[in-house]
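Read the structure below first, then the notes.
None of the figures in this text is laboratory data; all of them are computed from the coordinates on show. What you see is a predicted model; the values in this text were computed from it and never measured. Every residue, glycine as well, gets a Cβ built from its backbone with ideal geometry; the counts of neighbours run over all protein chains shown.
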Amino acid sequence: MTVDLRAGAVVLSLVEALSTVPDPRSPRGVRHGVLAALLIGACAVLAGARSFVAVAEYAHDAGQAVLEMLGVGVVVPHESMIRRVLQQVDAPALEAALQVWALAQLDAQIPDAGTPAREQRRVWALDGKTVRGEGGRQGDVPARRPGRRAPQPAHERDGGPVA
């Protein structure tokens, strides 16, 4: 943990947050823990990886110093191990760990003295597909079918403002 200078606040590291995610595998024969797979995956995605193969290539090319910092050790994990762990990990536990970490990062930020109050507020971004009504679970937002146009507001459809 790193200590912030203001009021003794403690900033949670990503490693500490992800260490709370349980390992979905049986402990027998585990060479690399779930934390190592999650950290490799996070670093690889931040570096531009877009597939499990690219994550494994990142792990192979990262170098021993980076792998030791991530807690991997001498043997680089194989793509199949990374893929299986990332596919089997408890998604709600991972989401909760990332939420705790992100909120701790936001709470630790000190705004500049000249920053207006309206720019200091928290803003939650939504996926554009959710906003447009595409996709989603049954009962949430009606999914659009391919080839159909989104419904237009009345004022755009009729050519004028709605009275």
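Structure data summary
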{"quantity": "Computed E for residue 65/residue 102 - FRET, C-beta separation, R0 41 angstrom, nearest 0.05", "calculated": "0.90"}
{"quantity": "Check: region 1-113 dipole with +1 on Lys, Arg Cβ and -1 on Asp, Glu Cβ, in debye", "calculated": "420 debye"}
{"quantity": "Residues residue 84 and residue 57, FRET efficiency given R0 of 25 Å [Cβ-Cβ distance, rounded to 0.05]", "calculated": "0.90"}
